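Everything below concerns the one structure shown next.
The values are calculated or read from the model by the stated rules, or taken from the named source; none is laboratory data. Computed from a predicted model, the values in this text were never measured in an experiment. All Cβ positions, even for glycine, are placed from backbone atoms using ideal geometry, and neighbour counts span all protein chains on display.
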């Protein structure tokens, strides 16, 4: 699906005129003319440039992100993101944790979409183990991932609205996200940092009544998303704040290794779920949402419509969810059922050894990647044959996308910096992992 003027009620992307860009071009021309006639009335000297620090405790930097902005008046000449304030060394910590414990570590990186880091870690481990999980586990993983994509994008809607002055959007987006998190809590026992997707399957089967709760959620969301369209999509002030701001073209995005909504906003339809299918994404029907101009407005519109596409996938999962085991029945990987622990000493010993020593993984290396709400999330893992990874490295989309910020902010106004940061949607826990 492309953002064009065929869908004006939801996106209305291609028909707009770049008035802001035209005005900037006129201004630069005027400055050039002024310099040609020997006046500095419109061209400040370098001495008038100032260095402005934004963050790391600014509420609109979405975490402990510091930006060093070189300003000329209200125009950003250059910018430099400074990261590392939240550094927790999770990749190094992984070397001290067993493969079973690893998901409790990685789930805390991108705390807005924890299921995706759990999934990437589990897929990499399963590649090393050379095992396949049961069909039901595959579809449960897809279900939880798409619901997590919805909750993450709803959080973006809330914070993006708040950053740009649509304060009521924070209440609305948070309200809908709570409905999704309530379902997560019923399934996993936690609202976030779940440790639910594990090597070999998932921690527990879906609870009774899960299908009815999701159907109620799918019935609730469409009219709320239409309200978002009324509140923001066609709102003149909203469009003025986002259209033509933080633009990027396809070549620039690829050169910066940007993925997710940032890359797709340039018109490049790259989505791992379609282009490198994993789980059972090749068995469901959905559209890859792309933009036209690569600006903040396109990135907003893509995320809004990706919520609708994720709902479409969830509807298909409800119809196709198979029965059977929710985890692989391999005694080397899977602990015994709880009821067996009370009946068998061997089962108790088996359970104790798996959760204290872990299971050994054959020597080798593997890379697994998934399409997170922010782009390609990959985990590269090396095993030396022990029960803990020898090395682990995370290809975090937020970390990669943050390096696009200086390019997006160049020659923008200070008022647009917040809009650009918000459109990148970085999660600093993953950036500073």
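Observations on the structure shown:
- Of the candidates 156, 116, the single residue that is assigned by TED's automatic domain parsing to the domain that holds residue 362, in a helix (DSSP H, G or I) and touching a residue at least 60 places away in the same chain (Cβ under 8 Å) is 116.
- Here 168, 152 are screened, and the one residue that is out of contact with any strand residue (DSSP E or B) (no Cβ under 7 Å at 6 or more places or on another chain), closer than 17 Å to residue 110 by Cα and at pLDDT 90 or above is 152.
- In segment 125-143, residue farthest from the chain's Cα centre (by Cα) [restricted to those that are part of a helix (DSSP H, G or I) and farther than 15 Å from residue 206 by Cβ]: 129
- Criterion applied to 192, 232 was being part of a helix (DSSP H, G or I), in contact (Cβ under 8 Å) with a residue 40 or more places away in the chain and within 24 Å of residue 374 (Cα to Cα), and the one residue passing it is 232.
- The residues listed here are 314, 361, 370, 328; of these, the one that is buried (at least 20 other Cβ atoms within 10 Å of the Cβ) and modelled with pLDDT under 95 is 361.
- Complete set of residues in segment 396-416 that are touching a helix residue (DSSP H, G or I) at 6+ places or on another chain (Cβ under 9 Å) and surrounded by fewer than 18 Cβ atoms within 10 Å (Cβ to Cβ): 407, 411, 415
- Complete set of residues in segment 63-72 that are in a loop (DSSP other than H, G, I, E, B) and either in contact with a strand residue (DSSP E or B) (Cβ under 9 Å, 6 or more places away or on another chain) or within 12 Å of residue 417 (Cβ to Cβ) (or both): 65
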